[in-house]
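Take a look at the structure below.
What follows draws every value from the coordinates through simple rules; no lab data is involved. These numbers come from a predicted model, not from an experiment. Reconstructed Cβ throughout: ideal geometry from the backbone, glycine too, with neighbour counts over all protein chains shown.
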Amino acid sequence: MKLRTGIHRRFTDPSGNAFVYVAASAAIMAVDPLSDELVMAFDGEGRESDAVITGHSDAEGAASALKDLIDLGIIRPADEPNPPRAPMPPMPFPLATLVLNVTNKCNLSCTYCYEYGEDRLSEPAPGAKSKRPMMLEETARQSIDFLFKSCGERPVVTITFFGGETLLNFGTIMAAVEYAEVEAAKLQKRAHFALTTNATLLTDEVIRFLVAHRFGVTISIDGDQKEQDRHRRYKSGKGSFAEIVPRIRTLLKTNRANRGRPIGARVTLTQEASSVMDTYRFLTEDLGFDEVGFAPVTAAKKRDYALDGSAYDRMLAEFASLSDDFVAAALADRPHGFANLNDLLRELHQGIQKAHPCGAGLGLLGVSTEGKLGLCHRFVESESHEVGNVRDGVNEPVRQAFLKRGHVDAKTDCRQCFARPLCAGGCYHEAHVRFGDATHANLHACEWIRGWTDLGLSAYARIQASRPDFFARYETS
C-alpha cells in the first residue's frame, strides 16, 4: 500500500528531539527517532509501505512504529481524501461575548483608522439618515438582556465596550455595568467587562470606575512619542502622546495597587514602524504595561502605510527576537508580556482546531449604537454584514449562511496548509478590506502566518524541553 504523511509540520527541540504538529487533529506529538525516520520517508507523494519496511534494518520495529503513526493519523493511505472537518456547531450557538460599540465618534483622527478612515466599510447613502452617534442607555440594557438570553448555560459572559473612542460615552458604560451586574446576580451568572480606549479621556473618575469593576483594559498606543504621533493624532494634527502618557501611568499605578486584571497595550504595525523589540521594551519597561499585543495594520495595499512583503518579513524577524526573549523568561520562571506568543502557545497546547478564524458570528457579536447586530465590532457600521438586532435577536438564516461560506473547508487555498487549524483563512474584516469579500482567505498574509506558526512551534519545543510545567497555566483557562 502506498502511504504518505498527512498535512503536518515537523520541528525539533534544542537537543534534536523531533515533534510533529498534525493539522488534521491540531495535536503536537513527540516522535522517537524511528518514527521520525518514517515520517520523513513517507513525506511528499508517499512511498510503498512494503518497500520501506522490508528494506529497514529493524523491519519489525519499523512495522510497529508505522502502525502507531497510522493510528495517530500522521501517516495515511496516499489515495485517501483528507478527513472532513467538524460540521457547523449546533445553532443557535450560545453567545460568550457581546461588543457594544457605544459610540461611532472619536476625538482622534488616526490616519490608518479602519472604521473612519479611507478603508471604512461603507459610505452612507446619499440623503440617508445619520446614524446615532452615541448608544442610549436603554439600547445598552437591551443589549445586555439579549446577551443573557442568548448565552445558554454559560456561567460567565463578557461585555466589551468599544468605539470610536469608547470613553466619549462613559455615562452609558456606567449604566450598562450597573445593570449587567444586577441581572447577572439574578441569573446566578457572572459578567466580566472589557474596554478599548485611546487613553485621552482617562480621568481620575474613569480610572476609579474601571479598577473598581475589574475591567480588562486595552489601550491603543503605537509606542514612544515618535511612533504614537506618527499616525495617532488629533484632528488638528497635534500628537496624542503627551496627553495620554500621564493618564496611562495613573491607570497602571492604581490598577496595580488594587491587584486589578492585566492591562494591555495594542500596537498597530505599519510599513514604517520602529522595531517590535524597541516598542515592546518601551511599553513594558518605561510605561509599565502588563502585556503588549501587535497587529499588522488593516489597510488596502495602495495605502503608503500598508505592509508589503518585505515589511512582513521584517516583522517576522522581529517577532522571532521577541519570541526568544519570551522563551528565556519562561525558562527563568519570569513573566513576559508578549501577548501574541502567549496566545499562540495557549492554542497550540490546547489543540485548538478552528473551522472559522475567530468567534465572530459564533460566540461573539458586535452591537451598533442603534442596536443592530454585526459579525463583530468591526462590522457594526456595515449594513451588508448585519445579522439582526438586540430587540428581535439574531437573523439565523443570514448568520448561518455567512458561517457556511466562511468555513475553512470552503477556502480551497487553505486545504493543504499546516497552519489552517490556527488561522482558518484569517480575519474577516481584513479579507473584506483587501479582497472585497469577508469570507476570502487572506492570501497576502499566508507566508507570514506560516512563519509565525513556525515560531510558535519552535518556542513550544524549547520550553517543553526544559520547563514542561510552564504549560500548566494553559490547562485551567
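General remarks:
- Calculated [222 nm] ellipticity per residue, helices only, for the chain: -11500 deg cm²/dmol; basis is -39500 (n - 2.57) per DSSP H run with n ≥ 4, divided by all residues, nearest 500.
- Contact order, relative form, for region 2-83: 38 percent (alpha carbon pairs under 8 Å, 6 or more residues apart, mean separation divided by residue count).
- Helix 396-406 vs. the chain, principal-axis angle (Cα, 0 to 90°, nearest 10): 50 degrees
- Degrees, to the nearest 10: 309-331 long Cα axis against longest axis of the chain: 80 degrees
- With each label modelled as a point 7 angstrom along the Cα→C-beta vector, the Arg4-Ala328 pair spans 4.3 nm.
- Going from the residue with the fewest nearby Cβ atoms within 10 Å to the one with the most, Glu347, Glu138 rank Glu138, Glu347.
- Karplus-derived 3J(HN,Hα) values for region 15-29, using 6.51 cos²θ - 1.76 cosθ + 1.60 with θ = phi - 60°, are 8, x, 5, 9, 10, 10, 9, 9, 5, 5, 10, 6, 9, 9, 10 Hz; glycine and proline are entered as x.
- Think of the chain as a dipole: +1 on every Lys or Arg Cβ, -1 on every Asp or Glu Cβ, centred on the Cα centre; then among Tyr474, Ile449, Ala300, Ala300 lies furthest on the positive end.
- Computed E for Lys253/Gln225 - FRET, C-beta separation, R0 22 angstrom, nearest 0.05: 0.60
- Angle in degrees between helix 137-150 and the longest Cα principal axis of the chain, rounded to the nearest 10: 30 degrees
- Structure-derived Cα Rg over 2.2 N^0.38 Å: which label, when the choices are (i) 1.05; (ii) 0.95; (iii) 1.00: (i)
- In a simple Cβ point-charge model (Lys, Arg +1; Asp, Glu -1; nothing else charged), the chain has a dipole of about 1500 debye relative to its Cα centre.
- Counting beta carbons within 10 Å around each of Val408, Val387 and listing the fewest first gives the order Val408, Val387.
- Electrostatic tally near Phe470: other residues with Cβ closer than 13 Å to its Cβ, Lys and Arg +1, Asp and Glu -1, net +2.
- Length gained on full extension, Glu383 to Asn395: 3.0 nm, using 0.36 nm per residue less the C-alpha separation.
- Within the shell defined by Cβ-Cβ distances under 10 Å, the residues around His192 carry a net charge of +3, with Lys and Arg each +1 and Asp and Glu each -1.
- Extending 7 Å from Cα along the Cβ direction at Ala295 and again at Leu34 yields two label points whose distance is 5.0 nm.
- Between the beta carbons of Val156 and Ser64, assuming R0 = 45 Å, the FRET efficiency works out to 0.45 to the nearest 0.05.
- Placing a pseudo-label 7 Å from each Cα along the Cα-to-Cβ vector at Lys302 and Arg47 gives an inter-label distance of 5.3 nm.
- Free-standing Cys residues across the chain, given no other cysteine C-beta under 4.7 angstrom: Cys106, Cys151, Cys358, Cys376, Cys414, Cys417, Cys423, Cys427, Cys446
- Legend: calculated FRET efficiency, Arg450 to Asn82, from the Cβ-Cβ distance at R0 = 22 Å, rounded to 0.05, equals 0.75.
- For GluC sites (Glu not before Pro), the sites in region 12-63 that DSSP calls loop and that have at most 14 other Cβ atoms within 10 Å are Glu45.
- Using 0.36 nm per residue and subtracting the Cα-Cα separation, the extra length available between Ala242 and Thr412 on full extension is 56.4 nm.
- Those GluC sites (Glu not before Pro) in region 210-313 that DSSP places in a loop and that have at most 11 other beta carbons within 10 Å: Glu272
- Loop-located trypsin sites (Lys or Arg not before Pro) in region 278-382 whose Cβ has at most 15 other Cβ within 10 Å (DSSP): Lys301, Lys302
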